[in-house]
Amino acid sequence: MKKHLKILFVASEAVPFAKEGGLGDVVGTLPKFLKSLGHDVRIVMPRYYRIDKFKYNLKQLPYPLGVPMGIIGTLWCGVYEGYLPNSQVPVYFIDYEQYFGREGIYTENGKGYMDNDNRFVLLSRGSLELAKMIGFKPDIIHVHDWQTAIVPVFINTLYKDDPIVGKAATVLTIHNMQHQGNFYEGLMDVLGVGWEHFNYLELEAYGSVNLLKGGIYHATVLNAVSKTYSMEIQTPEYGYRLEGVVRERAKDLYGILNGVDYEEWNPETDKYIAANYSEADPSGKHTCKADLQRVSGLPVRDDVPLIGIVSRLVYQKGIDVLAAAIYRLLDFDIQMVMLGSGEVWAHFFFGSMAATNPDKFSCVIGYDNALAHKIEAGADFFLMPSRFEPCGLNQMFSLRYGTLPIVRATGGLNDTVDNFDERTNTGTGFKFYDLTPDAIINTVGWAIYTFYNKKNAMNTLIANAMAKRFTWDESARHYEDLYYIALKKKRGKMLKGGA
Ligand code: ADP
Ligand code: GLC
């Protein structure tokens, strides 16, 4: 009989409480599915002050949490407890006003907070102290990205013999290799693990402390969020100077794809869109297109191909290359709707493109979940020219809405979109390989040629796309397998006397 596991998630984002990108979607959703497989899953995250205590009915624990922070001393935190909505998954929020009583999660006005190291070390170490305080003895501690990557280092050092957390196997999911948590070496004195760990195998990288590197070295097993990304991060193009460290751990590295929350992203039930539609009756999609054109201030025309973009407007997403392609793209008879925020230059650049091409290009700078849904439903195509894309969620949403993805074949985009094959009329979207303006223009050209001239092929592609499913249930089962592998590995190591 399978053992039900105690699993502690530690992360810097979880929907609906705090989200900057897909990490928040994953941490707010996967635990619910693990719970329904019978596991006891709990989440620890910061109590950012934008999280509304009353709306989410958060209750404060009666005692404070002391978190040792090396030379800073012990920081005394509050702890709030709540639940992921519509679930039995407890969420613990570490409350420390000086660190989390701010507007942003990581940044404000486009600039990262200068104490992000201490903020997330507090979360990481705090999660272990919290587990001890509430007597939760995890089999698995599942951490995410650089913000919590130091937890496996703590487990293998300071907490090695701890009766509550010391035996936990650690799983590090890498959602993004570009951001590594690189800080001044003095951070070692806050971590308190001992300077002997500041070496080229563990925490030192190019003279700095690199938190992600420590996690990659110390975690029992690793996961990247798609098969292709798990291969890519072993190469210099995608490894951002940690490719060698990742390669060393290649046999413990997995590539479990994220799932989609189909309760939220389903054109049959979506409350944000003008008309619901389904694979059997996709006609409502035309109503959604007209509605999107209307709210975007574009001419309402069913005969013109409409391309949607919802994205963080950052280097990762290839928006600089898109900027170089956009003049020529707008020479086609097309419409584009962009929603996003990020780098300041992009706000000005795409904003002014919209001002000068009001009949073709609409751009909303900001974060707007309802509009994101309208774009998924109302566009004909969805463009993602990512430089790297560990998994990517929007292309999976697009498929469900019959909005054909036009993607660069990287990471999860490569694994979830099947290229249109003209001979066999199969596929779910359009792929390109080189990240160049020409590749974007040619592939958009191919897609709109298909739209204009090959109606039957378009309808087949739409039907294929809408039939695709990437369920969390399946991903959760893969994670469950990974947890058992991690436990076995940890036990084997402990029997041999290792960490
Ligand atoms: P990443 O995490 O790299 O940003 P993903 O595709 O994994 O990329 O996830 C992005 C998530 O954020 C999706 O849920 C997407 O709908 C959402 N999103 C991104 N930008 C916006 C925006 N400006 N408005 C609304 N939703 C957005
Ligand atoms: C990161 C990646 C994105 C992925 C998300 C969730 O933000 O950029 O591709 O989907 O994490 O894993």
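The values are calculated or read from the model by the stated rules, or taken from the named source; none is laboratory data. A quick note: this is a predicted structure, and the numbers were derived from the prediction, not measured. So basically every Cβ, Gly included, is an ideal-geometry build from the backbone, and we count neighbours across all protein chains shown. For the accessible areas, the whole protein counts, side chains as well, though only heavy atoms, and no ligand, DNA or RNA atoms are used. Shrake-Rupley method; radii C 1.70, N 1.55, O 1.52, S 1.80 Å.
Please determine, by comparing only the residues of region 26-42 that are among the small types (Gly, Ala, Ser) and assigned to a helix (DSSP H, G or I), which one is most open to solvent (accessible area, probe 1.4 Å). The extreme case among them is Ser36. Out of curiosity, is Pro390 in a loop (DSSP other than H, G, I, E, B) and touching a Gly at 6+ places or on another chain (Cβ under 6 Å)? It is true that Pro390 is in a loop (DSSP other than H, G, I, E, B) and touching a Gly at 6+ places or on another chain (Cβ under 6 Å). Gly255 falls short on exactly one of the conditions (1) open to solvent by 20 Å² or more (accessible area, probe 1.4 Å); (2) within 16 Å of ligand 2 (Cβ to nearest atom), and that condition is (1).
Criterion first (away from ligand 2 (no atom under 16 Å from the Cβ), within 19 Å of Glu20 (Cα to Cα) and open to solvent by less than 30 Å² (accessible area, probe 1.4 Å)) does Gly366 satisfy it? Reasoning before the result, please.
On the way: away from ligand 2 (no atom under 16 Å from the Cβ): yes; within 19 Å of Glu20 (Cα to Cα): yes; open to solvent by less than 30 Å² (accessible area, probe 1.4 Å): yes.
Considered against the rule, which asks whether it is away from ligand 2 (no atom under 16 Å from the Cβ), within 19 Å of Glu20 (Cα to Cα) and open to solvent by less than 30 Å² (accessible area, probe 1.4 Å), Gly366 comes out as yes.
Just one of the listed residues (Asn86, Asn57) is open to solvent by 20 Å² or more (accessible area, probe 1.4 Å) and within 22 Å of the chain's Cα centre (by Cα), namely Asn86.
If you go through region 396-405 one residue at a time, do you hit one that is open to solvent by 20 Å² or more (accessible area, probe 1.4 Å) and closer than 13 Å to Ser311 by Cβ? Lay out the reasoning, then the answer.
In the first step, residues of region 396-405 are kept if they are open to solvent by 20 Å² or more (accessible area, probe 1.4 Å); the result is none.
No, region 396-405 contains no residue that is open to solvent by 20 Å² or more (accessible area, probe 1.4 Å) and closer than 13 Å to Ser311 by Cβ.
Do we have Tyr401 as closer than 23 Å to Phe470 by Cα and either away from ligand 2 (no atom under 16 Å from the Cβ) or outside the structural domain of Ser226 (by TED's automatic domain parsing) (or both) here? Yes: the conditions hold for Tyr401. Looking only at residues in region 203-239 that are assigned to a loop (DSSP other than H, G, I, E, B) and either surrounded by 22 or more Cβ atoms within 10 Å (Cβ to Cβ) or β-branched (Val, Ile, Thr) (or both), the one that is farthest from ligand 2 (Cβ to nearest atom) is Leu203. Among the residues of region 62-83, those that are part of a strand (DSSP E or B), among the small types (Gly, Ala, Ser) and open to solvent by 10 Å² or more (accessible area, probe 1.4 Å) comprise Gly66, Gly78. The set of residues in region 469-499 that are assigned to a loop (DSSP other than H, G, I, E, B), at pLDDT 95 or above and exposed (fewer than 15 other Cβ atoms within 10 Å of the Cβ) contains only Arg469. Residue by residue through region 318-363, note down the ones that are crowded, with 18+ Cβ neighbours inside 10 Å, within 16 Å of ligand 2 (Cβ to nearest atom) and in a loop (DSSP other than H, G, I, E, B). The one that is crowded, with 18+ Cβ neighbours inside 10 Å, within 16 Å of ligand 2 (Cβ to nearest atom) and in a loop (DSSP other than H, G, I, E, B): Gly318. Would it be correct to say that Val121 is part of a strand (DSSP E or B) and open to solvent by less than 30 Å² (accessible area, probe 1.4 Å)? Here the answer is no, as Val121 does not meet what is asked. The residues in region 179-193 that are over 26 Å from the mean Cα position of the chain (by Cα), hydrophobic (A, V, I, L, M, F, W, C) and outside any helix (DSSP H, G or I) can be counted, and the count is 1.
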